[in-house]
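See below for the structure under consideration.
The values are calculated or read from the model by the stated rules, or taken from the named source; none is laboratory data. Keep in mind that this is a model prediction, so the values were computed, not measured. Here the Cβ is made from the backbone with ideal geometry for all residues, glycine too, and neighbour counts use every protein chain on show. Just the protein is used for accessible areas: all its heavy atoms, side chains included, with ligands, DNA and RNA removed. Shrake-Rupley method; radii C 1.70, N 1.55, O 1.52, S 1.80 Å.
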Amino acid sequence: MTKIIHDILEREDNLPCNFHIAIQVSKMLDDFNVSIDKLAKVIGTDQALSVKLLKYCNSAEYGFSRKISTVNDAIARLGFKSFKTIVFTIVSKSSLNREIRGYGLKSGEIWKNSISCAFYSRYLAELTDYVDPDQAFTAGMLRDIGKLALQEYVENDFKNIINAVNNEKIPFFKAEEKTLGVSHCHIGALLAERWSFPQVLVDAVKYHHCPEEAQRAGCEDTDLVNIVHLADYLALILGYGIGTDGIMYELDMTSVEGLGFNLTCENMELLIADIANNSNEIESLISNIE
Amino acid sequence: MREIRVKMGEIELTTIPGIVLTTPGLGSGVGMGVYDRKSRMAGMAHIILPDSKILQDPEEDERPYKYADVAVSALLGKMLSLGAKKENLVVKIAGGIDAFNFKENSEIINIGGRNVKAVYNAINEMGLTVANADTGGSSGRILKLNALSGAFYLKIIGKKEAEF
């Protein structure tokens, strides 16, 4: 284990992340027999989450005729499927809506980037008949959590990382690995493991820039990795929360073809045209979550 | 100064002094700023695709200004119809990141390169030229245009904003 990995994991409690409840709720929701009362009890242990959830349910987005005043009511009205993505969205905002100086991201930018990646992941999941589009949403949202932890090291060694990118013609995350001994993907996956993320989400975080390695490692859900890989690329080229690492990442054509896309210039443009029409929905979610 | 964010697939036009038009987060998309030095009319487009003809029915698209061919002629046409004169127009463009691929077939994802080419073509077809351009590479950009002074600014992510 490199010193940086050791230091980050040692100080993991200081990271501004609180995915504990969201993961617990997500796992409970996977069990179809779970009761609304049980779920509400778990949510209720986090006062801030409960308040934000109720505010969101009462926002214009939903337009419910009757005011929703309890968590139980919110779950019943939203349904289990939407509930999962909303809980993750709220929790991720409190973790991601901050400045990530090491990657040149002002406050709110990594959050916008994560939300758009989440939307694009869900869109691609639906387009490719992936079994669980909500899982894709969550994976797209969380794939860059490693940046929160690695940013100060990236900031200190930025010149060396960029030199490695330019001189050796390697993507940014490989240059992180080479210079710091660990990439934001790798440290993100180690943290996700610590926070008891399901293995398929850990894999999506770890391999979102290198889906061919997921294949080689025998990951259970390479479709999910492929979806997040393409969604991440689309979010970047469309400029949502683009940082100092720019677009120094490759798009793996084999991975994209693995999703069933027949890759031509025209198909790529049609995909972008369609996905860009989601931008109102993305802006609305960003403005409605407190 | 009030900023108007020109989101992707949008065009904006203003004659109000004190407005700054800005295209946030240009990746492979291209921002085009246009300024009429006499009437002080300022326009901006945030283009993300080269050509609307990929669609069978381009008119059905809810955001037609995302295509270079539609956005450039719409913005310039609108400015000219409102009294701007070609000889007074200053056109500057930024964005269009290159595909960061060292393997084969990178042309497929070189949307940025195709966008830049299409924007140049559309501008030239209108009988205009580009006064300044900052395109390609792998860094994100933000383009700004001050409607009062006609000053353009470019921020390359990770660097300081500079007059452009």
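What the table shows:
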item	result
Radius 12 Å from Cβ of B:Asn110, net charge of other residues (Lys, Arg +1; Asp, Glu -1)	-1
Chain B: C-alpha gyration tensor shape, a/c 1.5 cut-off, then a/b vs b/c	oblate
Protein heavy-atom accessible area occluded, A/B pair - total, 1.4 Å probe, Å²	3000 Å²
Point-charge dipole on Cβ atoms (K/R +1, D/E -1) for chain A, about Cα centre, debye to 20	1060 debye
Anisotropy class of region A:229-276 from Cα gyration tensor, a/c 1.5 cut	oblate
Span-rule helices in chain A, defined as complete DSSP H runs reaching 18 Å or more along the axis (Cα) with Kyte mean at least 0.5	A:71-96, A:222-237
Of B:Lys117/B:Lys159; A:Lys3/A:Lys41; B:Lys117/B:Lys144; A:Lys93/A:Lys174; A:Lys147/B:Lys92; A:Lys81/A:Lys112, those spanning more than 29 Å from alpha-carbon to alpha-carbon	A:Lys3/A:Lys41; A:Lys147/B:Lys92
For A:30-37, mean number of other protein chain Cβ atoms within 10 Å	0
With every protein chain in place, the protein assembly as shown: carbon and sulfur % of accessible area (1.4 Å)	47 percent
q = 0.20 Å⁻¹, region A:17-97: log10 I(q)/I(0) [Debye, one scatterer per Cα]	-0.86
Exercise: per-residue mean of other protein chain Cβ atoms within 10 Å, A:271-283	4
More than 24 Å apart - percent of Cα-Cα pairs taken over region B:36-131	28 percent
Lys, Arg +1 and Asp, Glu -1 on Cβ, resulting dipole of region B:85-149 about Cα centre, debye, nearest 20	240 debye
Å² per residue, accessible surface of chain A at 1.4 Å	40 Å²
Whole-Hz couplings from phi, Karplus 6.51/-1.76/1.60, listed for region B:127-133; x for Gly and Pro	x, 10, 10, 8, 7, 7, 9
Normalised contact order of chain A, rounded percent, pairs of Cα under 8 Å and 6 or more residues apart	19 percent
Shape category assigned to region A:153-263 from the gyration tensor of Cα positions, a/c cut at 1.5	oblate
Sum of -39500 (n - 2.57) over DSSP H runs of 4+, divided by residues of chain A (222 nm, nearest 500)	-20500 deg cm²/dmol
Length-normalised contact order for region A:17-97 - Cα pairs under 8 Å, 6+ apart - percent	42 percent
Long-range HN-HN contacts of B:Gly29 with modeled amide H, under 5 Å	B:Gly96, B:Ile97
Chain B, relative contact order in percent, only Cα pairs under 8 angstrom and at least six apart counted	28 percent
Region B:123-164 residues near the modelled B:Lys86 label - backbone nitrogen below 20 Å, point 7 Å along Cα→Cβ	B:123-132
Protection-proxy order for peptides B:129-138, B:110-119, B:3-12, each taking the mean of Cβ atoms within 10 Å per residue, highest first	B:110-119, B:3-12, B:129-138
Å³ per residue enclosed by the Cα convex hull of the protein assembly as shown	156 Å³
Full-extension gain in nm, A:Met1 to A:Glu212, via 0.36 nm per residue minus C-alpha separation	73.6 nm
Theoretical ellipticity at 222 nm over chain B - DSSP helices of four or more residues, -39500 (n - 2.57) apiece, nearest 500	-6000 deg cm²/dmol
Rounded to 10°, Cα long-axis angle of helix B:68-81 versus longest principal axis of chain B	10 degrees
